[in-house]
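K.L.:
Structure provided below as structure tokens; questions to follow.
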Amino acid sequence: MSGAATGTGVYYDPYDVGIVADPYPTYARLRDEAPIYYNDRYDFWALSRHADVEKALADWRTFSSSRSDILELVQSDFDMPQGVMMFEDPPVHTMLRGLMSRVFTPRRMAAIEDQIRRYCIGCLDPHVGSDGFDIIAELASMMPMRVIGMLLGIPESEQVSVRDANDANLRTRPGAPMKVARADAIADGSIYADYVSWRAENPSDDLMTALLNVEFTDELGVTRTLTRKEVLHYTQVVAGAGNETTGRLIGWLAKVLAEHPDQRRAIAADRSLLNRAIDETLRYEPTGPHVARYMTTDFECYGTTVPAGAAMLLLFGAANRDPRRYTDPDTFDIFRDNISHVTFGKGTHYCLGANLARLEGRVALDELLNRWPDWDIDRDTMQLAPTSTVRGWERLRLVLP
């Protein structure tokens, strides 16, 4: 299989386990040889250069999210559920996003930082004095769920089953596309139904109560509260979006800083560098390597016409290492002049949970460094997770001095 529309020998697909293990050489070839790439096996197009990805993110009219941002859903035969923010474009998206941003307030973020820190301390303290532990099992896979649970007000006893139900939706068999049984099931939120009903009768200072009570003007000009179905949609979106990616970020921080001990020691000595470490890691190893878009009209680029109705992948992992945009892009450098990346998107669909993800990553790294300014990783047992939508570690054992 070749990039049919480009006539080059470079091959890329997001399900190829060999490519996913180290996608960067393939990304480099795409940027140079096939900046607009077509995969005839899975029938999708891909943009890899930073400038092109950035432009596409800004142009929501052409590169639409109306069929979600997951390739298998864009290509499925299903109608997308109404009122799910990630599956909408303006004006509905603008209205829904405004609604969610009133719920994700800076005050709520600040209040939750202490809870996040207490949770990290509880996870890490038992390992002080040990020779190592799996940071995914002990912290990264649990913490985002706990944080979303804190935000939503889901009791701790329920959180593990909720996370497992969420993650099952995103699993793929290695080397194969995700099976879409019913598009609306991905965000139906039914696993929260009992809890939402209980919270409606027992309000509290949490996200769920805010969602149940918030008043807004909908796209028809009607001032109303969210329907129960909409509350369930939003709860699912917040819980799902906040889970996989943040856990993966913590894994990448552990791995990348094990491989760059000088920079890790610099951060340990000067914690004002924590935010730089988070953003450079997000650039260098993005947790979501790409997003999908649905093409609403024909689109011309590099002498090629991408037809209306096509599925387009925007390759964040390739854009983040484009030498046209960054100096020495394949070097991890928390001191670089211009730490920026497209990992959280740009413009209309910029990730609403970006600040929460950064906060969790920062607190987790801070608490790791408080206990262990030095660590290595066990390369023999580490294992990438089998999902095509996010990229990160399923197993990653820290080896402690």
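Read-outs: derived from the displayed coordinates by stated rules, not from any lab. Predicted, not measured: the structure shown is a model, and the values here were computed from it. Neighbour counts are summed over all protein chains in view; Cβ atoms, including those assigned to glycine, are modelled from backbone coordinates with ideal geometry.
K.L.:
Work out Dmax and Rg for segment 232-284 from the C-alpha atoms and quote the Rg first, both in angstrom.
P.N.:
14.1, 46
K.L.:
Distances longer than 20 Å among the Cα atoms of segment 229-351: what percent of all pairs is that? Working shown, then result.
P.N.:
Numbers: 4159 of 7503 pairs.
Distances greater than 20 Å cover 55 percent of the Cα pairs.
K.L.:
A further question on this structure: Within 10 Å of each candidate Cβ there may be at most 12 other Cβ atoms; applying that plus a DSSP loop requirement, which chymotrypsin sites (Phe, Trp or Tyr not before Pro) in segment 253-349 survive? Don't skip to the end; give the middle numbers.
P.N.:
Numbers: sites: 284, 294, 299, 302, 316, 326, 332, 335, 344; in loops: 302, 326, 332, 335, 344.
Within segment 253-349, the qualifying chymotrypsin sites (Phe, Trp or Tyr not before Pro) (loop, at most 12 other Cβ atoms within 10 Å) are 335.
K.L.:
Let me ask something additional. How much length is gained if the chain between residue 266 and residue 138 is pulled fully straight, taking 0.36 nm per residue apart and subtracting their Cα-Cα distance, in nm to one decimal?
P.N.:
Between residue 266 and residue 138, full extension yields an extra 43.6 nm.
K.L.:
How many nm is it between the label spots at residue 227 and residue 308, if each spot is 7 Å from the Cα in line with the beta carbon?
P.N.:
Those two pseudo-labels are separated by 2.9 nm.
K.L.:
Turning to a different aspect of this structure: Give me the distance between the Cα centres of segment 316-381 and segment 128-150, rounded to whole Å.
P.N.:
About 19 Å separates the Cα centre of segment 316-381 from the one of segment 128-150.
K.L.:
Report the normalised scattering of segment 294-401 as log10 I(q)/I(0) at q = 0.10, 0.20, 0.21, 0.23 Å⁻¹, calculated by the Debye formula with identical scatterers on the alpha carbons.
P.N.:
With no solvent term, the Cα-only Debye profile gives -0.49, -1.44, -1.46, -1.44.
K.L.:
For a Förster distance of 35 Å, can you work out the FRET efficiency between the beta-carbons of residue 400 and residue 338, rounded to the nearest 0.05?
P.N.:
0.55
K.L.:
If you take every residue apart from residue 399 with its C-beta less than 15 Å away from the C-beta of residue 399, what net charge results, scoring Lys and Arg +1 and Asp and Glu -1?
P.N.:
Combined, the nearby Lys, Arg, Asp and Glu give -2.
K.L.:
While we're looking at this one, here's another question. Once fully extended, how much extra length lies between residue 41 and residue 59, figured as 0.36 nm per residue of separation less the alpha-carbon to alpha-carbon distance? Mind dumping the intermediate values first?
P.N.:
Numbers: separation 18, 0.36 × 18 = 6.48 nm, distance 2.68 nm.
Computed gain between residue 41 and residue 59 is 3.8 nm.
K.L.:
Taking the Cα-to-Cβ direction at residue 327 and at residue 16 and moving 7 Å from each Cα, how far apart do the two end points lie in nm?
P.N.:
Those two pseudo-labels are separated by 3.3 nm.
K.L.:
Within 10 Å of each residue's Cβ, count the other Cβ atoms and sort 229, 255 from fewest upward. Don't skip to the end; give the middle numbers.
P.N.:
On the way: 229 15, 255 20.
If I rank by nearby Cβ atoms, fewest first, I get 229, 255.
K.L.:
I need the GluC sites (Glu not before Pro) found in segment 195-266, filtered to DSSP loop residues with at most 14 other beta carbons within 10 Å of theirs.
P.N.:
219
K.L.:
Compute the length gained on full extension between residue 370 and residue 113: take 0.36 nm times their separation in residues and subtract their Cα-Cα distance, giving the result in nm to one decimal. If you can, show how the numbers build up before the last one.
P.N.:
Working: separation 257, 0.36 × 257 = 92.52 nm, distance 1.64 nm.
Taking residue 370 through residue 113 to full extension adds about 90.9 nm, to one decimal.
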